[in-house]
Amino acid sequence: MDQERRLYPSWCNPLFIRPTRPLPEEVAIIGAGTIGPDIGYYLKSALPGIKLYLVDIVEEPLKNAEKRISGYAKKALDRGKMKEDQAKSVLSNIVYTMDYDQIKNCDLVIEAATENIPLKQRIFDNLEKIVREDTIITSNTSSIPADRIFSKMKKPQRTTVTHFFAPAWRSLPVEVITWEGGSQEVVDYMFWFFATTGKAPIITDNAICFMLDRIFDNWCNEAAYLLDHASARQIDTVVEEFVFAGPFYVLNMARGNPIIIETNTLQMEEGPHYRPAPILGSVETWLTHRPGTRLEVPEDIKNTIRDRMLGILFSQSFDIIDRGIGTKEDLNFGCEIALGFRNGPFDIMRDLGEAEVNRIMRKFKEERPGFPQAKRSFSAYQDFARYLLVDEMDGVKIITIRRPQALNAITDVINDEILAVLKEHMDDPSVKGFVITGYGKSAFSAGADIGRFPEMLGDRDASVQYSKDCAKVQLFMDQMDKPVVAAINGLAMGGGLEVAFRCDSMIATKNATFQFPEITLGILPGIGGCIVPYRKWPQGADIFHEMICLARRITAKEAADMGMVGRITDDYHEMIREAVKEVNNLQGKKKRIPDGPVDIPEITIPDQPMARGLVLSKEAVSIAVKTIKDGAAADNLADALEIGYRGFGEIACTDAAKEGISAFLEKRTPEYKA
Ligand code: COA
């Protein structure tokens, strides 16, 4: 945990940082090659009001950059991801220029030029002469440590490396490097800045290739060495068990061979075993196929490939943790969302088990001597929450659900992890209570993970059991003496809203919304959603009817007017502070959910129930109505909750549920039978 303290000296959740400067008004990107325009498009999409300069020394890439950025905006428009006026502001105020003098008023400059130390140093020297003293200057190098590129600067304190992943306009992670010559203020600011603009930044140490490219580069390099034993197609096929696209396919896409040669040559400072595979220098394009193409690979070759590729993956993962280059949480997270691994390396290890990992590492040691091996016990690499960040503020534990790739949708693992944190600190007298919030500015949680549903649909018992398993967190919160406050930072939907409703209080940002979209999927909120709100806020019953039966979405203000939300805040930062205060206010004042039956007004449903233009399933709506009514009439809360679980079990066996869930997963509009 030492390394984690050093990498994250203040907060793990970047939005807890109070920035020392405002958002930039003018930003420059140096280098209009591939990644520069992509970074530019991300910045303009997130902050359409800024003035963006794309700078290059020749005109051609600038022209291409302009075309590329307009193309992205057009695609976003065509796909309905952006409105006309939004696209207009994204494309306005971009200056494509070869004149460095134009960028003198920039608050932030991101260098994205070729990976060449003297070139980068010349750029920074030039920049220092042009921009203000307080302008933050960062480099998008993927491999060169910060001290080597910034060492000749007069004010290196204002610099750091901010390493994006392709495609930079969409890929969530950005590595923000902490290095001894740079100031903590700049690291904190960039960490906050990226999260504020929709990225998922992670802080890593200043090692060669930082964190995630140590995985990616060595993964590709090892694949190239394996060509002595197997073909590129065979290697790509075998490792698709672990990644969405094999290394050769990715190298072709990225024209990446020279990059691996360059970065692995740099890593050779750590030992000759990092030497780039010679074949990378003599081949331009690999003979491989699209991911998912079937190819039979003989068992012995398959095992050779699998063991070696896992060997390098595990070796690098151990080394990153043992040297404190990054945290286990971030390595797992980054491998999944930046590098396309189906599971993080520590999850792969967990699933294989200790004995198998040891076997792979022994074999790898024999075949590839010199590479790092584990320095700790197997369990020491497993001991972390995969999807939660836990911070502490004023004696309150703040749990952030971090799964931005799925709008913080709650999986079984996340449920277990929340429960584990609550249990761990329940009896600790130094902990006053808990806040639960979501990562990023858009969602508290988009509900239970819909990918989990297909396996239980049509099976009543399995569906009831699923609801009960999920409800463990809520039931535990019900009986805890310490208060739990939900800090709603955006969409609170379905299973996420059911967790929030169960907390002792809710604080929300002004953009927060509350919705049970289940009925649009042909299901109902089965983890207390049809029960608890009626008992906690009976005055809102009419609105809950519409929320559950017609998927009505309500705003933070409506929720506050109804007495559900204690306080609405202007931003995330204030929301967290208020939520922590609320935990303090609730000391010794925790209220239990009223136990007895509750009178509810009649539920009136139109002949053809609709939700935002979608024709709903009448059968599903009638099961929801019955569940609400029976739940309200139940003698006590426990019985009512049971009715809710059973309602979910019943609805999960309808055609509507099958259709609704399949439609979501196939990204189409569901068509319900009348
Ligand atoms: N479970 C699993 N994945 C989810 C999810 C959920 N509840 N909610 C969102 N996601 C995933 C999406 O599938 C998408 O993944 P992809 O990028 O791999 O395709 C990603 O999160 C982003 O969502 P997307 O739909 O592209 O964002 P959007 O801004 O267009 O729409 C929502 C946002 C919330 C309206 C939409 O995601 C949605 O309707 N989600 C389902 C909400 C729901 O029904 N919750 C109750 C579940 S019981």
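For segment 254-309, the alpha carbon positions stretch 38, 24, 17 Å along the principal axes, listed from largest to smallest. If you wrap the tightest convex hull around every Cα atom of segment 333-437 and split its volume per residue, you get 142 Å³. Applying a DSSP loop filter and a limit of 16 other Cβ atoms within 10 Å to the GluC sites (Glu not before Pro) in segment 636-674 leaves E666, E671. Pick out, from W11, A195, A500, the residue whose Cα sits farthest towards the positive end of the charge dipole of the chain, with +1 on the Cβ of Lys and Arg and -1 on the Cβ of Asp and Glu. Among W11, A195, A500, the one farthest towards the positive end of the dipole of the chain is A195. Its Cα centre serving as origin, segment 586-674 has a Cβ charge dipole (Lys and Arg +1, Asp and Glu -1) of approximately 500 debye. Rounded to the nearest 20, the Cβ-based charge dipole of segment 412-552 about its Cα centre (Lys and Arg +1, Asp and Glu -1) stands at 480 debye. Computed from the C-beta positions of K581 and N343, the FRET efficiency with R₀ = 51 Å rounds to 0.85. Legend: ranking of residues S622, S463 from fewest to most surrounding C-beta atoms inside 10 Å; resulting order S622, S463. Among beta bridges identified by DSSP and lying wholly in the chain, the antiparallel ones come to about 20 percent. The orientation-averaged shadow of the Cα convex hull for segment 278-334, equal to a quarter of the hull surface, comes to 6.3 nm².
Placing +1 on each Lys and Arg Cβ and -1 on each Asp and Glu Cβ, with no other charges, gives segment 289-420 a dipole about its Cα centre of roughly 500 debye.
The tail of the calculated P(r) for segment 106-261 beyond 21 Å holds 49 percent of all Cα-Cα pairs.
For D478, neighbours were defined as the other residues whose beta-carbon sits under 9 Å from its Cβ, and their charges (Lys and Arg +1, Asp and Glu -1) total +2.
Translational diffusion of segment 223-318 was estimated from the Stokes-Einstein equation, with Rh taken as the Kirkwood radius over Cα pairs; at 10 °C and 1.306 mPa s the coefficient is 114 µm²/s. Ranked for footprinting exposure by Cβ neighbours inside 10 Å, fewest first, V297, V485, V473 give V297, V473, V485.
Pairwise Cα separations in the chain fall into 20 Å bins from 0 onward with the following percentages, short to long: 17, 47, 32, 4. Cα centroid separation, segment 316-385 to segment 643-674: 39 Å. In terms of its alpha-carbon gyration tensor, segment 468-596 comes out oblate; a/c meets the 1.5 threshold, while b/c is at least as large as a/b. Could you list the residues of segment 398-415 with an amide nitrogen less than 17 Å from a label point located 7 Å from the Cα of D428 in the Cα-to-C-beta direction? It comes to 398-401, nothing else. Just to check, using Stokes-Einstein with a Kirkwood Rh over alpha carbon pairs, what's the diffusion coefficient of segment 541-631 at 37 °C and 0.692 mPa s in µm²/s? Result for D is 205 µm²/s.
Relative intensity of segment 479-534 on a log10 scale, I(q)/I(0) at q = 0.16, 0.29 Å⁻¹, equals -0.49, -1.19, per a Debye sum over C-alpha point scatterers of equal strength in the absence of solvent. Which residue, Y96, L77, G49, has the largest displacement toward the positive end of the dipole of segment 2-130 when charges sit on each Cβ (Lys, Arg +1; Asp, Glu -1)? Most positive-ward Cα: L77. The fewest-to-most ranking of I123, I436, I279, I337 by surrounding Cβ atoms within 10 Å reads I279, I337, I123, I436. Dimensions of segment 124-213 based on its C-alpha atoms, expressed as ranges along the principal axes with the largest first, amount to 33, 26, 22 Å.
In terms of its Cα atoms, segment 121-173 spans 33, 21, 17 Å along the principal axes, sorted from long to short. Take the Cα of I279, go 7 Å toward its beta carbon, and the backbone nitrogen atoms of segment 288-325 under 19 Å from that spot belong to 288-291, 295-313. Separation of segment 505-559 and segment 89-104, taken as the distance between their Cα centroids, equals 46 angstrom.
Farthest toward the positive end of the dipole of the chain, out of F164, L331, V238, is the Cα of F164, where the dipole comes from beta carbon charges about the Cα centre.
Every number here is computed from the coordinates shown, using simple stated rules; none is lab data. Just so we're clear, the structure is a prediction, and the values are computed from it rather than from any experiment. Ideal geometry is used to build each Cβ from the backbone, glycine not excepted, and the neighbour counts take in all protein chains shown.
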